[in-house]
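The values are calculated or read from the model by the stated rules, or taken from the named source; none is laboratory data. The structure displayed is predicted, hence computed values, not measured ones. Here the Cβ positions follow ideal geometry from the backbone for every residue, glycine too, while neighbour counts run over all protein chains shown.
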Amino acid sequence: MNVRAAVEAFGSELRVQLIHHFLQNPGTSQADAYRAVGASQRSVSDNTKALAGVGLLVEEPGRTSRTVRYIVDQERLAELKRELNTYLTPADLD
């Protein structure tokens with residue numbers, strides 16, 4: 001169910017900050033995100049993995065074999081946003 005994936009992706013302020021960071025800085029690493037959002041390394045790692053798990057972030061190989069860089073899958077982002085819009089009808093919000 002995509003609504004579950006959408007809630008997982010957009011369900012915390014940190015995840016939304018990470019999405020924003022990777023949209024503005026495609027191809028950056030978790031270390032870059034950690035410095036940008038000011039959360040703990042563990043939190044950034046866990047939440048980046050969760051975003052990758054729902055297909056929102058895509059891993060790209062970095063310059064070294066240990067470095068992973070991330071980009072936002074724009075189609076998946078649009079799909080998850082549509083899913084929330086479809087699921088949350090105006091009647092649900094009254």
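Cβ-Cβ distance below 8 Å, separation of 6 or more or different chains: which pairs start in segment 33-53 with a residue that is farther than 15 Å from Ile19 by Cβ and exposed (fewer than 13 other Cβ atoms within 10 Å of the Cβ) and end on one that is of a type outside the set (Val, Ile, Thr) and at pLDDT below 95?
If the second residue must be of a type outside the set (Val, Ile, Thr) and at pLDDT below 95, the pairs left are Ser40/Tyr34; Gln41/Gln30; Gln41/Ala31; Gln41/Tyr34.
Take segment 42-71 and flag every residue that is at pLDDT 95 or above and over 15 Å from the mean Cα position of the chain (by Cα).
Selection gives Arg42 alone.
Can you spot a residue in segment 72-89 that is outside any helix (DSSP H, G or I), at pLDDT 95 or above and either among the hydrophobic types (A, V, I, L, M, F, W, C) or surrounded by 12 or more Cβ atoms within 10 Å (Cβ to Cβ) (or both)? Full working, then the answer.
Of all residues in segment 72-89, those outside any helix (DSSP H, G or I) come to 72-73, 88-89.
Cutting the leftovers down to at pLDDT 95 or above gives us 72-73.
Applying the additional criterion that residues be either among the hydrophobic types (A, V, I, L, M, F, W, C) or surrounded by 12 or more Cβ atoms within 10 Å (Cβ to Cβ) (or both) yields 72-73.
Yes, because at least one residue in segment 72-89 is outside any helix (DSSP H, G or I), at pLDDT 95 or above and either among the hydrophobic types (A, V, I, L, M, F, W, C) or surrounded by 12 or more Cβ atoms within 10 Å (Cβ to Cβ) (or both).
What number of residues within segment 9-60 are in contact with a Gly (Cβ under 8 Å, 6 or more places away or on another chain) and among the charged types (D, E, K, R)?
In the first step, residues of segment 9-60 are kept if they are in contact with a Gly (Cβ under 8 Å, 6 or more places away or on another chain); the result is 29, 60.
Within this subset, residues satisfying the condition of being among the charged types (D, E, K, R) are 60.
Total satisfying the criteria: 1.
Pick from segment 1-27 the residues that are surrounded by fewer than 18 Cβ atoms within 10 Å (Cβ to Cβ) and of a type in the set (Val, Ile, Thr): which of them is modelled with the lowest pLDDT?
Val3
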